[in-house]
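Trainee: To start, I am sharing the structure in question, which I have written as C-alpha cells.
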Amino acid sequence: MNEDENLNVPDEELDNIIVLNDENGEEVSFEFLDIIELDGEEYVILLPVEEEESEDAGEVVILKVEDTENEEEESYVSVDDENVLNKVFEMFKEKFKDEFNFIDEE
C-alpha cells in the first residue's frame with residue numbers, strides 16, 4: 001500500500017473495523033488497534049482482517065496519518081523509513097505488552 005489510503009466510515013456495528021482502498025482500488029478491511037504519536041506525527045496501527053489464514057497472519061500495518069482538506073477525513077500513507085516503523089512498533093509493543101503475545105522473529 002504505497003499510495004494514499006482513503007478511509008471509509010465503518011458501520012456502527014463494526015466499531016473498530018475500517019476499510020481502506022489499496023493501490024489497486026480494492027477494499028481491504030483492518031481492525032484498528034491504536035494510534036501512536038512520534039515526533040509530532042501520528043501513526044495508526046492496523047491488523048488486517050483476513051478471510052483465510054496466511055503466512056502474514058498477525059502482522060500489523062503501520063501507516064502515517066495525514067490531514068486532508070476535509071476536516072472529517074484522514075488519509076493514511078505508507079511509511080518507508082524502517083527506523084520510524086521500528087520505533088512506532090516498539091512503542092506499540094511496550095504499550096500493549098500485557099494485552100498481546102508478541103513473537104520476535106529473528
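Trainee: List the residue pairs whose Cβ atoms are under 6 Å apart, where the first residue sits in the range 61-90 and is under 12 Å from residue 41 (Cα atoms), the second is aromatic (Phe, Trp, Tyr) and surrounded by 10 or more Cβ atoms within 10 Å (Cβ to Cβ), and the two are 6 or more positions apart or on different chains.
Mentor: Close Cβ pairs satisfying both conditions: 63/76; 64/43; 88/43.
Trainee: Further, regarding this structure: Pairs needed: first member in the range 28-51, closer than 17 Å to residue 79 by Cα; second member anywhere, part of a strand (DSSP E or B) and among the acidic types (Asp, Glu); C-beta distance under 6 Å; at least 6 residues apart or different chains.
Mentor: Partner pairs satisfying both residue conditions: 35/42; 45/34; 47/31.
Trainee: I need the full set of residues from the range 64-95 which are of a type in the set (A, V, I, L, M, F, W, C) and assigned to a loop (DSSP other than H, G, I, E, B), in order please. Show your work before the answer.
Mentor: Going residue by residue through the range 64-95, those that are of a type in the set (A, V, I, L, M, F, W, C) are 65, 77, 79, 84-85, 88-89, 91-92.
Selection gives 79 alone.
Trainee: Could you check the range 63-106 and list, in sequence order, the residues that are among the polar types (S, T, N, Q) and surrounded by 15 or more Cβ atoms within 10 Å (Cβ to Cβ)? Write out each step before concluding.
Mentor: Filtering the range 63-106 down to residues among the polar types (S, T, N, Q) leaves 68, 70, 75, 78, 83, 86, 101.
Correct list: 75, 78.
Every read-out reported here was derived from the displayed coordinates using simple, explicitly stated rules and does not represent laboratory data. Treat the numbers as computed from the prediction; the structure is a model and nothing was measured. Cβ sites come from the backbone with ideal geometry, for glycine too, and all protein chains shown count toward neighbours.
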